[in-house]
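To keep things clear, I will list the structure first and then write my remarks on it.
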Amino acid sequence: MIVMKFGGTSVESATAIERVVSIVKARAERRPVVVVSAMGKTTNKLLAIANAAIAGHRADYIAQIQDLRDFHSREARLVVPLSERAELDRTLDEHFQELTELVKGLAILGELTPRSIDAISSYGERLSSYIVSLAFAHYGMKAEHVDARRVIVTDHRHTQAAPLYTETYARLARVIPPLAKDSIVVMGGFIGATEDGVTTTLGRGGSDFTASIVGAGIGAEEIQIWTDVDGMLTADPTIFSGGHRVKIISFAEAAELAYFGAKVLHPATVIPAVEKNIPVLILNSRRPEVEGTRIVSESVPCKNTVKSIACKRKITLVNIHSTRMLMAHGFLKRIFDVFERFETPVDMVATSEVSVSLTIDNPQRLAEVCAELCQFSEVSMEESQAIVCLVGDNIRFTPGVAARVFHALESVNIRMISQGASLLNLSFVVAEADLKRAVESLHREFFSQLDPAVFDANGAADAAA
Ligand code: ADP
Ligand code: ASP
Ligand code: MG
């Protein structure tokens, strides 16, 4: 068995779904289990509907729900056999009626809880997986739709739920392989349910994680992540378009890149795959002939020092200064206790005798954090910063990497720098305004020459053409 996960753009329309069907069909003998994201930008649209509801914009949310229904109905009708149209309409009616009731309830309450966010955002994957399963039938393949909430069991941390692995693996092993024997199993990514059946989600971009959990649970031979780029590229294509395809990379490197902003992979994806040692492939659903990126457990010998450059935008740099605490022990503990209490993760840290600088990317509770920190220190904040993170196994063995970075970024103000404890990354903070320039010059510095065993020089250029 293999798991094939298709992201939002890969199922954004009838045409895209037809591409999915033909990609899966060509691999049918490997007994694929298909995991799909919501169609296109559906998750964002569902969240916009929820926000319109609690703001009391009734006409808006009613119109937005209608648009979403029209969109799903229009695309689905193009890929669903005539004989199934009545059933399709009935199912769409059911889902959209339920959604409307839920949204009206929110409008009355005027409050959006993490639990209701999950209930609403789950409709994207529930609809897409159902539609894709019908599409297989249209093209003559037997398919089975499995509601992911039956098999992915999570804790109660709504919008960021973690799988309960033992129970989830047990259910996956029981439910999926018998169905996959003679059918294509189709399920939604991103969603799950608590043990008592309340709908949860694994966090934005979580369908990659679902694919990996499913792969581990059924003992798949491979997990394929089909998306809209040729694979992991040497730089984020939304910032720098001249990147090259990385052909092969280790789990550790891929995890680090994902954590530091390479959206092509959800950061948790590698966890189940590493545990069961299942290779993960990143592939382009618009160019299935391209080999993509292969993520493997062992480190990959490479002549280049760096494998890829990841970036995280919209970072806030927090500077905490305390002369009173000069040389006092317990200063760091007090600081981190505050971040812990307000559930605000910290990405990078730099310390001096009397001050600590750190970065955060979720400013939701920053005002509360700041108020607490101000009780025992002076705090200043700088918004619109970015983390740039060079990742590569060889960074740990190669002297002079920092010197090359400083040289390449001669004219850019580096606000903070840290060599990660894992030794395979070198990260620094620059102002967002300098980000593009910084990535361009770093790319020139580290990727002017490419090890052909690891990189495909033409990959990204072809994709852009
Ligand atoms: P999907 O909907 O298929 O899950 P995502 O939008 O979540 O797709 O992830 C794919 C996107 O990740 C790409 O379109 C690209 O803009 C972005 N991305 C960021 N960094 C990288 C990188 N290093 N290599 C490839 N893609 C990247
Ligand atoms: N549809 C979800 C999201 O947009 C999950 C995913 O696409 O991976 O975040
Ligand atoms: Mg994604």
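The values are calculated or read from the model by the stated rules, or taken from the named source; none is laboratory data. This one's a predicted model, so the numbers in the text were calculated from it and none came from an experiment. Here the Cβ positions follow ideal geometry from the backbone for every residue, glycine too, while neighbour counts run over all protein chains shown. The protein model used for the area step is the full one, side chains on, heavy atoms only, and it has no ligands, DNA or RNA in it. Shrake-Rupley method; radii C 1.70, N 1.55, O 1.52, S 1.80 Å.
Here are some notes:
- Degrees, to the nearest 10: 331-341 long Cα axis against longest axis of the chain: 20
- Think of the chain as a dipole: +1 on every Lys or Arg Cβ, -1 on every Asp or Glu Cβ, centred on the Cα centre; then among Ile360, Asn319, Ala135, Ala135 lies furthest on the positive end.
- Of the beta bridges in the chain, as assigned by DSSP with both residues counted there, near 60 percent are antiparallel.
- Convex hull volume of the stretch 320-373 per residue (C-alpha atoms, cubic angstrom): 68
- In a DSSP loop and with at most 16 other Cβ atoms within 10 Å, the chymotrypsin sites (Phe, Trp or Tyr not before Pro) in the stretch 131-180 are Tyr139.
- The stretch 371-438: GluC sites (Glu not before Pro) in DSSP coil with no more than 11 other Cβ atoms inside 10 Å: Glu410
- Gain upon complete extension [Phe342, Ala26; 0.36 nm per residue less C-alpha separation]: 108.9 nm
- If you take the alpha carbon atoms of the stretch 368-444 and fit the smallest convex hull around them, that volume is 121 Å³ per residue.
- Calculated [222 nm] ellipticity per residue, helices only, for the chain: -13000 deg cm²/dmol; basis is -39500 (n - 2.57) per DSSP H run with n ≥ 4, divided by all residues, nearest 500.
- For the stretch 318-450, the alpha carbon convex hull comes to 127 Å³ per residue, rounded to a whole number.
- Kirkwood hydrodynamic radius (C-alpha pairs) into Stokes-Einstein, the stretch 207-307, 37 °C and 0.692 mPa s, D in µm²/s: 242
- Eigenvalues of the alpha-carbon gyration tensor of the stretch 67-165, scaled by 5 and square-rooted, set the equivalent ellipsoid semi-axes at 28, 19, 9 angstrom, largest first.
- Given charges at Cβ of Lys, Arg, Asp, Glu: the chain dipole, positive-most of Cys302, Ser37, Leu202: Cys302
- By accessible area, using a 1.4 Å probe on protein heavy atoms only, the stretch 60-215 has 52% of its surface on carbon and sulfur.
- Given Lys41/Lys142; Lys25/Lys181; Lys181/Lys276, the pairs whose alpha carbons are separated by over 20 Å: Lys41/Lys142; Lys181/Lys276
- Alpha-carbon Rg/Rh ratio, for the stretch 127-229, with Rh computed the Kirkwood way: 0.96
- When the Cα positions of Ile417, Val439, Ile225 are compared along the charge dipole of the chain, Ile225 comes out farthest toward the positive end, with charges on each C-beta of Lys, Arg, Asp and Glu.
- Mean separation of Cα contacts under 8 Å, 6 or more apart, over the residue count of the chain: relative contact order %: 14
- Summed side-chain charge close to Ile54 - residues other than Ile54 whose Cβ falls under 13 Å, Lys, Arg +1, Asp, Glu -1: 0
- Length, then width, then depth: along the principal axes, the Cα atoms of the chain run 73, 57, 41 Å.
- Rotationally averaged projected area of the stretch 293-387 (alpha carbon convex hull; nm²): 8.7
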